[in-house]
């Protein structure tokens, strides 16, 4: 049930290294959370308390921010995905659900595509939020090449993503801008694979008022799977996952419980054939 996960923050799954910590022995499912452009694993710090206790929660920590602030950011999603896939494969196998928001949805999808292309198990469910699928054209001109102030202004017009008070602290901005600019460049340069459909369920999440990822654009994720597809909209704009966190986590919890039950039901039949 939601709320059973406690108040422990998600562990940061490094995009470039294997974590030394042990997996939870009580977990039956794993949730990997992929942040938005400029985001960190800490964006999901409040999520575990709203998810089932049997879920092991990880937030992906991209280079160039947070605990990895000293590393050069990566400006290509395919490169990010390679590192993340290696980190995932270093962990014990477990039924896994991916949740990606905005740029994170593209990264999550690319990691899943690479897993499938390499013959590894796919996530049991993909939750893709706040971004059109990569096979659709971009809805706005490129931004990553713009001078700093123009870049930030355009980002704010699209996503309302840069707090006004942050603009008053150039020293902080100087730390954050390289990773943010690299992330936007990664999105702008990302191209869909011609064989990108996955054989696992996809649920597209979005804000009903998000002009950067409209319901029609989110519905196009239907073409990214050969399995079932569902579209789930919440009140709000691009960062509805913050304003509607309780409802979002209730929806994710239901999916996690469904997938945990399916894995449990499948386990006896698999054991009987060995």
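Every condition in (1) in contact with a strand residue (DSSP E or B) (Cβ under 9 Å, 6 or more places away or on another chain); (2) more than 18 Å from residue 104 (Cβ to Cβ); (3) surrounded by fewer than 16 Cβ atoms within 10 Å (Cβ to Cβ) is met by residue 243 except one, and the failing one is (2). Of the strands (runs of 3 or more DSSP E) lying entirely inside region 5-98, those containing at least 2 residues that are within 24 Å of residue 188 (Cβ to Cβ), within 15 Å of the chain's Cα centre (by Cα) and modelled with pLDDT of 95 or more span 29-34. Only a single criterion out of (1) assigned to a helix (DSSP H, G or I); (2) buried (at least 20 other Cβ atoms within 10 Å of the Cβ); (3) touching a residue at least 60 places away in the same chain (Cβ under 8 Å) is not satisfied by residue 205, namely (1).
Out of 167, 152, 180, one residue alone is assigned to a helix (DSSP H, G or I), surrounded by 12 or more Cβ atoms within 10 Å (Cβ to Cβ) and within 18 Å of the chain's Cα centre (by Cα). It is 180. The set of residues in region 215-226 that are surrounded by 14 or more Cβ atoms within 10 Å (Cβ to Cβ), under 21 Å from residue 124 (Cα atoms) and out of contact with any helix residue (DSSP H, G or I) (no Cβ under 7 Å at 6 or more places or on another chain) comprises 218, 219, 220, 221, 222, 223, 225. The set of residues in region 99-114 being in contact with a helix residue (DSSP H, G or I) (Cβ under 6 Å, 6 or more places away or on another chain) and either part of a helix (DSSP H, G or I) or without any contact (Cβ under 8 Å) to a residue 60 or more places away in the chain (or both) consists of 103, 106, 107, 110, 111, 114. Looking only at region 117-134, residues that are surrounded by 15 or more Cβ atoms within 10 Å (Cβ to Cβ) and either at pLDDT below 95 or assigned to a loop (DSSP other than H, G, I, E, B) (or both) come to 8 in all.
The values are calculated or read from the model by the stated rules, or taken from the named source; none is laboratory data. Treat the numbers as computed from the prediction; the structure is a model and nothing was measured. Cβ sites come from the backbone with ideal geometry, for glycine too, and all protein chains shown count toward neighbours.
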